[in-house]
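Working notes, beginning with the structure itself.
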Amino acid sequence: MQHTLSILVENKPGVLSWIAGLFSGRGFNIESLSVAETLDATISRMTIVTRGNDQILEQIIKHLNKLVNVIKVIDFVNGDFVKREMVLIKVNVTDENRSELLNIVNIFRGKVVDVSPDAYVVEVTGDEGKLDAIINLCKPMGIKEVARTGKVAMMRGAKQKG
């Protein structure tokens, strides 16, 4: 089963390493990891996506909650939440495919963030399926490079702060 965890932690050196070690030590692969400061520069939010046995993940969450630098752990498995990811795609452009690429970007509500004579860098935000779809549409034009952020998630409504 896939689990998306939101972990509020003290923004201190070594916290990310310690938390990643908890996952690897129990045989869990981290599929996606995103970390950034919150509005409070002393607190960071980690969003971790993983798959695995519910009982082992429950143990990981218990261990996380015992760590001094961990403020709060939320497993979104039973909650109503928003999950998004961003992708940057560097696509070959020619006179023949330029307008087609711009149409695709427009349909996916993306934007061109860099232009050179032979390539455009496109930015698109959405769920995993949307990003996979635009990548697949750009492949015939020639993709030079792809960078994905990993998922970030947040509970819907006013239930969670940070």
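Please tell me if Ile43 is among the hydrophobic types (A, V, I, L, M, F, W, C), modelled with pLDDT of 95 or more and assigned by TED's automatic domain parsing to the domain that holds Asn11.
Yes: the conditions hold for Ile43.
I need the full set of residues from region 76-116 which are of a type in the set (D, E, K, R) and without any contact (Cβ under 8 Å) to a residue 60 or more places away in the chain, in order please.
Result: Lys90, Asp95, Glu96, Arg98, Glu100, Arg109, Lys111, Asp114.
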Would a scan of region 13-27 turn up a residue that is hydroxyl-bearing (Ser, Thr, Tyr), modelled with pLDDT of 90 or more and surrounded by 14 or more Cβ atoms within 10 Å (Cβ to Cβ)?
no
When region 43-75 is checked residue by residue, the ones that are over 24 Å from Glu85 (Cα atoms), polar (S, T, N, Q) and surrounded by 11 or more Cβ atoms within 10 Å (Cβ to Cβ) are Asn53, Gln59, Asn65, Asn69
Exercise. Report yes if some residue within region 148-158 is among the hydroxyl-bearing types (Ser, Thr, Tyr) and more than 30 Å from Thr38 (Cα to Cα); otherwise report no.
Key: no
Of the residues in region 121-146 that are part of a strand (DSSP E or B) and of a type in the set (A, V, I, L, M), the one that is farthest from Ile104 (Cα to Cα) is Val146
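For the structure I just gave you, tell me whether Glu31 is outside the structural domain of Val146 (by TED's automatic domain parsing) and either without any contact (Cβ under 8 Å) to a residue 12 or more places away in the chain or over 30 Å from Cys138 (Cβ atoms) (or both).
The answer is no for Glu31.
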Given (1) within 30 Å of Val115 (Cα to Cα); (2) free of Cβ contacts under 8 Å to residues at least 24 places away in the same chain; (3) of a type in the set (Ser, Thr, Tyr), Ser17 misses just (1)
Among the residues of region 147-162, the number that are assigned to a strand (DSSP E or B) and either without any contact (Cβ under 8 Å) to a residue 40 or more places away in the chain or under 17 Å from Glu85 (Cβ atoms) (or both) is 5
The one condition Ile135 fails out of (1) loosely packed, with under 13 Cβ neighbours inside 10 Å; (2) farther than 29 Å from Val9 by Cα; (3) under 21 Å from the mean Cα position of the chain (by Cα) is (1)
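The values are calculated or read from the model by the stated rules, or taken from the named source; none is laboratory data. Predicted model only: the values in this text are computed from it and were never measured. Virtual Cβ from ideal backbone geometry, glycine too; neighbours counted across all protein chains shown.
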